[in-house]
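Heads up, the thing below is written out as structure tokens.
The values are calculated or read from the model by the stated rules, or taken from the named source; none is laboratory data. It should be emphasised that the depicted structure is a prediction, and the values quoted were computed from it without experimental measurement. Don't worry about glycine lacking a Cβ; one is built from the backbone with ideal geometry, like all the others, and counts go over all protein chains shown. Each accessible area value is taken on the protein alone, full model and side chains, heavy atoms only, with ligands, DNA and RNA left out. Shrake-Rupley method; radii C 1.70, N 1.55, O 1.52, S 1.80 Å.
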Amino acid sequence: MSCTDLLVVGAGIMGASVALHAARGGLRTVLVDRGPICREASGVNAGTLTLHMTRAALIPYAMEGWRLWTTTRDWLGGEIDVVATPGLCLAFTDEEAALLEARSAARRAEGAPIELVSPTEARRIEPGLSERVVLAAHCSMDGHAGAYLTGRAYRCALLEADAALCEGVTVAGIERSGSRFIALCNDGTRIEAERLVLAGGVWLEPMLAWLGVRLPIKVLVNQLAVTERCPPVMRTVVTIANGLLSLKQFANGTVLVGGGWQGRGDRERGGVELIPENIVGNLRLACWAVPQLRRTRLVRGWLGLEAETADAMPIIGPIPGIENAYLIGSVHSGYASGPYMGQLLADLILGREPERPLFPPDRLLGAVAEEALC
Amino acid sequence: MAERSFDLAVIGAGPAGMAAATSAAEAGLRTLVIDEAPRPGGQVYRAPPAEFLPQGTDADRRIGDELRTALAESGAELALDHRLWWIGEGFELAAVGPGGPHRFSARALLVATGTTERILPFPGWTTPGVIGLAAATILLKADGVVPGERVVVAGAGPLLPLVAAKAVAAGASVAAIVDLARPSDWASAVIRGRSRPDLLARGAGWLRRLAMARVPWWSARAVVNVSTTAEGLSIDTLAVNADGEPQPGTRRKIGADALCIGHGLVPSTEVTRLLGAAHVFRPEVGGWVADVDELGRTNVPHLYVAGDAAGVEGAAAAPLAGRLAALAAVHDLGRLDATHLARRSDPFVARRRGVARFGKAMAGLARLRSGLLDAATPDTIICRCEDVTRAEIDGAIDTGARDVNQLKAWTRCGMGPCQGRMCGEAVGELVGAQVGGRAQAGLWTGRAPLRPVPLEDLVGGYDYADIPIPQAAPL
């Protein structure tokens, strides 16, 4: 069995980005996933490239992610139907207006080009908006991607970069052989590697357990809904102050409604079912923002699992105590910044100085260790 | 919104659903039947609009009326004009109907959703004037409408003579029947179907009518192209082999103003897919079906499938299958012991086997013929909802799509309002040809809503305070 330079477990946007940049940097790279590439959260998310929903501390990363997504032809190839368009974040009550002011200020302080605008100005930018808006925040850096196309573009790029892609192969555990890692796959194969990256999204918690590392990761079961193709009802990305709505119309006329309303599911079974009250609530919010939507039909709803750490901040960096093992995941609004986050970790692995700080998991492991001692 | 609870919910008020609900209610189960249509009947026994009621007494009308009467007297509750859009674990149901959203729950769920028509795409199949055979049946039977003055009826199966004969009776001229099957296929189907002389006699009646009208019957032929001319539709046909592959050099053209075409019926599996039941690919009964036992039990406890939704056996077998599944539910809910279940179900099992032979023989005539897809050129639309061509699908397969769901994501094929019902067969065949078969290509993941639902109906009237907005996301 030949030994590869880098094994990445999990072919979502994080794992695929790390693998792509590592392979281009000269490492012999194997990317393995139990399913097809980018078919979990990375392929079923809303494709929102907004800064209005990004955690303030992650704004600089999300802006780099936005730049990468809007220039995929230059570095990725393939077509992901990325559209750059302004984003409008709305407030419908005085309370929400106060929240919008505070949150916009915090994001602006981190560099986001967000300005507050009057309801009249918001409706000039987005004529489809309802009259009920009391305040809006405008961001010139927003847009959306066809997330479902992500895997296709990455697959072609990875193969072009000579990375080995193993889809439909489940890693059941990791063994050590000296300093090397050996992935035991359930088809009987063993993949031996000098370096290991775990990029399993919500499944990162059981993956870390292979290495004896305990790091609890919460599973969010996000609902999404899409309408049939309809005449233009909006042209911007619309969100609301508390982050519970994302709304945009794709070029083909379908309108995608998201915002993190919860469905039922878990790590073991994946997304199980929509919660009808939450679909209706999410759609009511959407129709409150863009009333014309009432005239269209709901065609499909689905679920995507999002990972969240205890402090809702990413974990990207070396796994403490295990040399040459890394992890990446739990990035809030992770799809938008994913290509950039992957590049940062690949830089670290390739021995280059990452251009922005990573997010070492040590802060969370410490707490777990203390908790275990008590 | 108040939720109303039942022992058994039956989805679909066709022959299987009507009989199942009648049996279950008679056995004492609190039973609900949900259907989109305003009256029970399904497709075969579709009730005509009220103003047509006094006329006509054909066999379908009589059988349909008998099933409807029994259902009405059984005590089962009917939720008609209801669009069921969501089913949860434990069989909670959400529907929109007259008066807005409705919620139900049931201890057991019986799926009797029938079939969807298969139309394998060919150049020009989306031209106005081309309609499905099943759609033509509905127009003719329920609405008394003729699809055109000069009609070509094409495809396969017993709907060919039925639609042609009804079109002739309604005053249309049938330019030709273009049949994928050959006369020997019909002969062997008739021999297999001899258990139902009554139905064969009805078929003979259609044939007499067609012979009297001198309707040409082109056997072992397929429509391979439709274009529009000043006179109407110009329809190209080619001879086909047993697998449906068009044979070059055999072209015959024909003109018409309407083409009714259908390549068989596919069991509707939306509900069982949504609920995660196990499915198997059984081409002889129409394709993918839920894996059920003889009584219609799936591997999901208290979830049953009856009638053509479990595999095409025809309208005559459907009520028997419905009764069997209802008996299984009555037993599984503790209202009937095993001895009585066997005693009551055995006669139905035997009778069903007999009549199903006829339905299966007819389904065999309209079996999937993979070679027919050779007629689809690179620029032929496969998914008409999203305008996805065959070239785009072939391209996605070339770049690594190995199952139908990955293909759906990479092409949008199947993402439109038909939710993959129209393009599913063609996509399954195209992917299957590259990955070792339909079973390997998989089937669409089940999704809610089960049918497109107007947002207006879902959201209703409300104030901002009525929206249960969750806690704000972290900053």
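Numerical summary
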{"quantity": "Protection proxy ranking of B:310-321, B:377-388, A:80-91 - average other beta-carbon atoms within 10 Å, highest first", "calculated": "B:310-321, A:80-91, B:377-388"}
{"quantity": "Dipole magnitude of region B:119-263 about its Cα centre (Cβ charges: Lys, Arg +1; Asp, Glu -1), debye to nearest 20", "calculated": "520 debye"}
{"quantity": "Dimensionless Rg/Rh of chain B - Kirkwood Rh, Rg from C-alpha atoms", "calculated": "0.97"}
{"quantity": "Diffusion constant of region B:106-178 at 25 °C, which comes from Stokes-Einstein with the Kirkwood Cα-pair radius and 0.890 mPa s, µm²/s", "calculated": "180 µm²/s"}
{"quantity": "Ratio of the Cα radius of gyration of region B:394-475 to 2.2 N^0.38 Å, where N counts its residues", "calculated": "1.57"}
{"quantity": "Environment charge at residue B:288 (Cβ cut-off 9 Å; Lys +1, Arg +1, Asp -1, Glu -1)", "calculated": "+3"}
{"quantity": "Region A:25-150 - Rg and Dmax from Cα coordinates, angstrom", "calculated": "17.3, 57"}
{"quantity": "Under 16 Å from the Cα of residue B:141 - lysines, other chains or at least 8 residues apart", "calculated": "B:166"}
{"quantity": "For region B:57-125, convex hull of alpha carbons as volume per residue, Å³", "calculated": "201 Å³"}
{"quantity": "Cα long-axis angle, helix A:59-69 against chain A (0 to 90 degrees, to the nearest 10)", "calculated": "90 degrees"}
{"quantity": "Within straight-line cross-link reach of residue A:248, aspartates and glutamates at Cα separation under 16 Å, skipping those fewer than 8 residues along the same chain", "calculated": "A:81, A:126, A:142, A:228"}
{"quantity": "Per residue value of the accessible surface for region A:192-311 (all protein chains in place, 1.4 Å probe), Å²", "calculated": "31 Å²"}
{"quantity": "Chain B, accessible area per residue, ligands and nucleic acids excluded (1.4 Å, Å²)", "calculated": "39 Å²"}
{"quantity": "Dipole moment magnitude, nearest 20 debye, chain A about Cα centre, only Lys, Arg, Asp, Glu C-beta charged", "calculated": "860 debye"}
{"quantity": "Most mobile listed residue (A:30, A:290, A:299) in chain A, GNM with C-alpha springs under 10 Å", "calculated": "A:299"}
{"quantity": "Accessible heavy-atom area order of A:300, B:323, B:150, highest first, probe of 1.4 Å", "calculated": "B:150, B:323, A:300"}
{"quantity": "Cα-derived Rg to Rh of region B:1-131, Kirkwood definition", "calculated": "1.04"}
{"quantity": "Protein-only accessible surface order, largest first, of B:362, B:212 at 1.4 Å", "calculated": "B:212, B:362"}
{"quantity": "Helix runs (DSSP H) in chain B reaching 30 Å along axis by Cα, Kyte-Doolittle at least -0.5", "calculated": "B:338-365"}
{"quantity": "Degrees between helix A:13-24 axis and first principal axis of chain A (Cα, 0 to 90, nearest 10)", "calculated": "50 degrees"}
{"quantity": "Shielding by other protein chains, B:412-419, mean Cβ within 10 Å", "calculated": "4"}
{"quantity": "Calculated SAXS-style log₁₀ I(q)/I(0) at q = 0.21, 0.23 Å⁻¹ - region B:377-441, Debye, Cα scatterers", "calculated": "-0.72, -0.87"}
{"quantity": "Tilt relative to chain A, helix A:276-289 - C-alpha long axis, 0 to 90 degrees, to 10", "calculated": "50 degrees"}
{"quantity": "Chain A - convex hull of the alpha-carbon atoms, volume per residue in Å³", "calculated": "139 Å³"}
{"quantity": "Average beta-carbon neighbours from other chains, 10 Å sphere, peptide B:456-469", "calculated": "6"}
{"quantity": "For region A:219-374, diffusion coefficient by Stokes-Einstein and Kirkwood Rh (Cα), 4 °C, 1.567 mPa s, µm²/s", "calculated": "72 µm²/s"}
{"quantity": "Within chain B, helix-based [θ] at 222 nm, where runs of 4 or more DSSP H residues each add -39,500 (n - 2.57), nearest 500", "calculated": "-10500 deg cm²/dmol"}
{"quantity": "For q = 0.05, 0.06, 0.07, 0.10 Å⁻¹, Debye-computed log10 I/I(0) when each Cα of the protein assembly as shown counts as one equal scatterer", "calculated": "-0.31, -0.45, -0.61, -1.14"}
{"quantity": "Region B:119-263 - convex hull of the alpha-carbon atoms, volume per residue in Å³", "calculated": "107 Å³"}
{"quantity": "Centroid-to-centroid separation of region B:72-118 and region A:163-196 [C-alpha atoms, Å]", "calculated": "48 Å"}
{"quantity": "Per-residue mean of C-beta atoms belonging to partner chains within 10 Å, peptide B:399-407", "calculated": "5"}
{"quantity": "Cα convex hull of region A:197-264, projected area averaged across orientations, nm²", "calculated": "6.9 nm²"}
{"quantity": "Region A:155-203 - Rg (one decimal) and Dmax (whole number), Cα, Å", "calculated": "12.1, 34"}
